[in-house]
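**Q** Let me give you the structure first, and then I'll get to my questions.
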2 protein chains.
Amino acid sequence: MKTIVIIGAGMMGSALAFPARENGNTVRLVGTHLDGEIIAFCKKNGRHPKFRQDFPQGVEFATVDGLRDALDGADFVICGVSSFGVEWFRDAILPLLPDGLPVLSVTKGLQDTPDGRLLTYPEIWRERLDALRKTNPLCAIGGPCTSYELTAHDHSWVTFCGKDRAALERMREALGTDYYHISLSDDVTGIESAVALKNGYALGVALTVGLCRRFFGNEELHYNSQAAVFTQAVREMQRLLEIQGACTLENLSVGIGDLYVTVYGGRTRLVGVLLGEGLSIGEAKEKLQGVTLESLVVAERVARAVRLRAGRGELDPADFPLLLHIDDILTKNKPARIPWDEFTDIG
Amino acid sequence: MKTIVIIGAGMMGSALAFPARENGNTVRLVGTHLDGEIIAFCKKNGRHPKFRQDFPQGVEFATVDGLRDALDGADFVICGVSSFGVEWFRDAILPLLPDGLPVLSVTKGLQDTPDGRLLTYPEIWRERLDALRKTNPLCAIGGPCTSYELTAHDHSWVTFCGKDRAALERMREALGTDYYHISLSDDVTGIESAVALKNGYALGVALTVGLCRRFFGNEELHYNSQAAVFTQAVREMQRLLEIQGACTLENLSVGIGDLYVTVYGGRTRLVGVLLGEGLSIGEAKEKLQGVTLESLVVAERVARAVRLRAGRGELDPADFPLLLHIDDILTKNKPARIPWDEFTDIG
């Protein structure tokens, strides 16, 4: 049995407490500085405020000021912060971690740099660890897995990626169950890029749902246009993975699975449908007040890097009509209008 | 304007009469020997019995004995027979076609041979045309497009494939509209294989819908397992395309889009859900009496070829756990049970 410390009481980090604890491990869920109320709720009710299922018996809860104690005897740490907590995790948490303690991140995303590169979060953290002269293995989880379905024990298949195979094996042993299925990969850039890239594209597929509602009054029978945008998304994701130097079918297929689940699973879909129905991004955000739109940030970052590198002649913007249209909607307030002729090359 | 003869009054062939006629072409829909009642209905009502939308004004209808007249002045023929009509089209129709008249097929499928090859329908027809010393260009349509959505004017994106680029261009000009978007490809084996291979895999994804209903009582929130099987389907389709000597991302992405739409669109899904809920294939077929289960036939053929070639040591059956499980259900009456551990390689 292992001792597992989950840092960040968001939905995904918290959901991992289920397989972790059901396997008999000691599990300590530690909130960030923003999670005080969530942790109080969990302590009081034995349930996360966003979940229907109670936590398994015995999960321990702590606020961030209890982190040092929580880390005592830890075998590995799960980083469950959102994209917005990546710098906080780097600056506030990494210095506290004992050297060598492995980290498993569920935070999906990419960060663009001023010169147009797209960095995975483990890459960003590795730089800091190097500066701290620490060697903690940085592993990550990619693949289609929504938190509420995990807590419901639906079958989910994810990939743990990292350079330290032994650490990955231990994590899989600690977390794998008969419903949480885990593959391993040493390609962190590939897996993490694939599952981050899907964000904008899920919005793209959702646009067609809203457009169909607008023009046909119902969405029930209209999957042709969803499937068409899904096809284009696959093509653009493949190009982006090539640019990341990480285009393997394994990576791409994990990204495609993640795209599939994201089209259905929640917040990104909500925004996409509203945009397709005719709202501007400003109006959609207002309507969804309080909803965290992490995925939109990632889409904007990827588009910014693509535009910058296209400007330098390093890639052809005609390879990314869907991404650039989504970015136009998000950053230039343009209306949703799928660029079909650019997909078929007769534009 | 062109004169287009559609042979076969099934749903997909008939749906193509919409863009064809809306573009101002002369369109003649000719039923097969099994389509007598459908053609009578179309003539009387100006509507296909399975469609909600009326045909555009001016579509002409004929029974198969009127085929010779219908072919008079034709610019190209659309073959709209089902998988079960492939031999009929070869034996009864190809000899009647004027030499050089191009054919555009919407029939999706593959035929296995005794030595374990998987032939596309254009390959089967080409053999006969060669014997007849005819040179008719054989083109085909692949990609996600359900007929009822096409008749509703939902945006659809398909690929016309064929070796005769000029013929493809003319077909695209005749059929392309502001809602029917067409790419061109010269890779008939690749496109046709990709869109046929999806059949069994759509059933696989649908299994999880039924399994979730069985174990959770509702399907609404359960996409993780769908996405997981979708991921595995992408991997196996890629391997099969490699075996076909036709694995390009373009082909694969068209197959993936087609898989996406098939998961939602109709008959294959119905069977998969019933199987997932616990019915045997015999019980499911009985419950769906009268429903044409074309896709199951194709899945069985592909599995038969894979088993045969695995037996000869030409491929590794461990690359196809999903396909072989689906085949076990279809041909050996086995219960639905997703082989998760074979996906993650820890089985």
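The values are calculated or read from the model by the stated rules, or taken from the named source; none is laboratory data. Remember, it's a predicted structure, so these values are computed and weren't measured experimentally. For neighbour counting, all protein chains shown are included, and Cβ atoms are generated from backbone atoms with ideal geometry for every residue, glycine included.
**Q** Report, by residue number, each residue of the range B:75-101 that is under 15 Å from B:VAL27 (Cα atoms), surrounded by 18 or more Cβ atoms within 10 Å (Cβ to Cβ) and not β-branched (Val, Ile, Thr).
**A** Residues satisfying the conditions are B:PHE76, B:CYS79, B:GLY80.
**Q** Kindly provide the set of residues from the range B:7-61 that are outside any helix (DSSP H, G or I), aliphatic (A, V, I, L, M) and under 24 Å from B:MET171 (Cα atoms), ordered by number.
**A** Scanning the range B:7-61 gives B:ILE7, B:ALA9, B:LEU16, B:VAL27, B:LEU29, B:VAL30, B:VAL59.
**Q** When you check A:PHE61 against the structure, is it touching a residue at least 12 places away in the same chain (Cβ under 8 Å) and within 20 Å of A:ASP178 (Cβ to Cβ), yes or no?
**A** Considered against the rule, which asks whether it is touching a residue at least 12 places away in the same chain (Cβ under 8 Å) and within 20 Å of A:ASP178 (Cβ to Cβ), A:PHE61 comes out as no.
**Q** Looking at the structure I just gave you, is B:LEU288 away from every other protein chain (no Cβ under 14 Å) and either touching a Phe, Trp or Tyr at 6+ places or on another chain (Cβ under 8 Å) or crowded, with 16+ Cβ neighbours inside 10 Å (or both)?
**A** Judged against the criteria, B:LEU288 is not a match.
**Q** What's the number of the only condition in (1) in contact (Cβ under 8 Å) with a residue 24 or more places away in the chain; (2) closer than 24 Å to A:ARG133 by Cα that A:ASN25 fails to meet?
**A** (2)
**Q** Looking at A:ARG239, A:ARG235, can you tell me which residue is part of a helix (DSSP H, G or I), within 23 Å of A:ARG307 (Cβ to Cβ) and at the interface with another protein chain (Cβ under 8 Å from one of its Cβ atoms)?
**A** A:ARG235
**Q** I'd like to know if the range A:191-207 contains one or more residues that are within 14 Å of chain B (Cβ to nearest Cβ) and among the charged types (D, E, K, R).
**A** yes
**Q** Looking at the range B:267-308, which of its residues are among the small types (Gly, Ala, Ser) and within 19 Å of B:ILE329 (Cβ to Cβ)?
**A** Result: B:GLY272, B:GLY276, B:GLY278, B:SER280, B:GLY282, B:ALA284, B:SER295, B:ALA299, B:ALA303, B:ALA305.
**Q** Same structure, new question: Would you pick out the residues in the range A:21-46 that are touching a Ser or Thr at 6+ places or on another chain (Cβ under 9 Å) and small (Gly, Ala, Ser)?
**A** Within the range A:21-46, A:GLY31, A:GLY36, A:ALA40 meet the criteria.
**Q** Same structure, new question: If I ask for residues that are more than 18 Å from A:LYS285 (Cα to Cα), of a type outside the set (Val, Ile, Thr) and either in contact with a His (Cβ under 9 Å, 6 or more places away or on another chain) or surrounded by 18 or more Cβ atoms within 10 Å (Cβ to Cβ) (or both), which ones from the range A:326-347 would you list?
**A** A:ARG337, A:PRO339, A:TRP340, A:ASP341, A:GLU342, A:PHE343
**Q** Do we have B:LEU252 as on the phi < 0 side of the Ramachandran plot, within 11 Å of chain A (Cβ to nearest Cβ) and under 17 Å from the mean Cα position of the chain (by Cα) here?
**A** yes
**Q** Starting from residues that are assigned to a helix (DSSP H, G or I) and of a type in the set (D, E, K, R), keep the ones in the range A:99-154 and report whichever is nearest to the other protein chains (Cβ to nearest Cβ).
**A** Selected residue: A:GLU149.
**Q** Let me ask something else. How about the range A:155-191: which of its residues are charged (D, E, K, R) and either buried (at least 22 other Cβ atoms within 10 Å of the Cβ) or in a helix (DSSP H, G or I) (or both)?
**A** Answer for the range A:155-191, where residues must be charged (D, E, K, R) and either buried (at least 22 other Cβ atoms within 10 Å of the Cβ) or in a helix (DSSP H, G or I) (or both): A:ARG165, A:GLU169, A:ARG170, A:ARG172, A:GLU173.
**Q** Exactly one condition in (1) at positive phi; (2) crowded, with 22+ Cβ neighbours inside 10 Å is not met by B:GLY24; state its number.
**A** (2)
**Q** Further question on the same structure: Can you tell me which residues in the range B:45-95 are of a type in the set (D, E, K, R) and under 17 Å from B:ARG126 (Cα atoms)?
**A** Of everything in the range B:45-95, those that are of a type in the set (D, E, K, R) and under 17 Å from B:ARG126 (Cα atoms) turn out to be B:GLU87, B:ARG90, B:ASP91.
**Q** Could I ask something else about it? Scanning for something within 27 Å of B:ALA202 (Cβ to Cβ), in contact (Cβ under 8 Å) with a residue 24 or more places away in the chain and assigned by TED's automatic domain parsing to the domain that holds B:ALA174, does the range B:64-78 turn up at least one residue?
**A** Checked the range B:64-78: at least one residue is within 27 Å of B:ALA202 (Cβ to Cβ), in contact (Cβ under 8 Å) with a residue 24 or more places away in the chain and assigned by TED's automatic domain parsing to the domain that holds B:ALA174.
**Q** Quick one: which residue in B:GLY10, B:GLY80, B:GLY58 is on the phi > 0 side of the Ramachandran plot and either in contact with a Leu (Cβ under 7 Å, 6 or more places away or on another chain) or of a type outside the set (D, E, K, R) (or both)?
**A** Residue meeting the stated conditions: B:GLY58.
**Q** Go through the range A:29-39 and count every residue that is charged (D, E, K, R) and crowded, with 24+ Cβ neighbours inside 10 Å.
**A** Here the count works out to 1.
**Q** Tell me the residue from B:ALA202, B:ALA194, B:ALA206, B:ALA228 that is in contact (Cβ under 8 Å) with a residue 40 or more places away in the chain, in contact with a Pro (Cβ under 8 Å, 6 or more places away or on another chain), crowded, with 20+ Cβ neighbours inside 10 Å and at negative phi, please.
**A** Testing whether each residue is in contact (Cβ under 8 Å) with a residue 40 or more places away in the chain, in contact with a Pro (Cβ under 8 Å, 6 or more places away or on another chain), crowded, with 20+ Cβ neighbours inside 10 Å and at negative phi leaves just B:ALA228.
**Q** Mind checking whether some residue in the range B:121-136 is in the same structural domain as B:GLY10 (by TED's automatic domain parsing), buried (at least 24 other Cβ atoms within 10 Å of the Cβ), in contact with a His (Cβ under 7 Å, 6 or more places away or on another chain) and in contact (Cβ under 8 Å) with a residue 12 or more places away in the chain?
**A** No: zero hits.
**Q** Moving to a separate point now. Scan the range B:255-270 residue by residue and report those that are over 12 Å from the mean Cα position of the chain (by Cα), assigned to a helix (DSSP H, G or I) and either surrounded by 24 or more Cβ atoms within 10 Å (Cβ to Cβ) or more than 7 Å from chain A (Cβ to nearest Cβ) (or both).
**A** B:ILE256, B:GLY257, B:TYR260, B:VAL263, B:ARG267, B:ARG269, B:LEU270
**Q** Can you pull out every residue in the range B:294-347 that is within 14 Å of chain A (Cβ to nearest Cβ) and assigned to a loop (DSSP other than H, G, I, E, B)?
**A** B:ALA336, B:ARG337, B:ILE338, B:PRO339, B:ASP345, B:ILE346, B:GLY347, listed by residue number.
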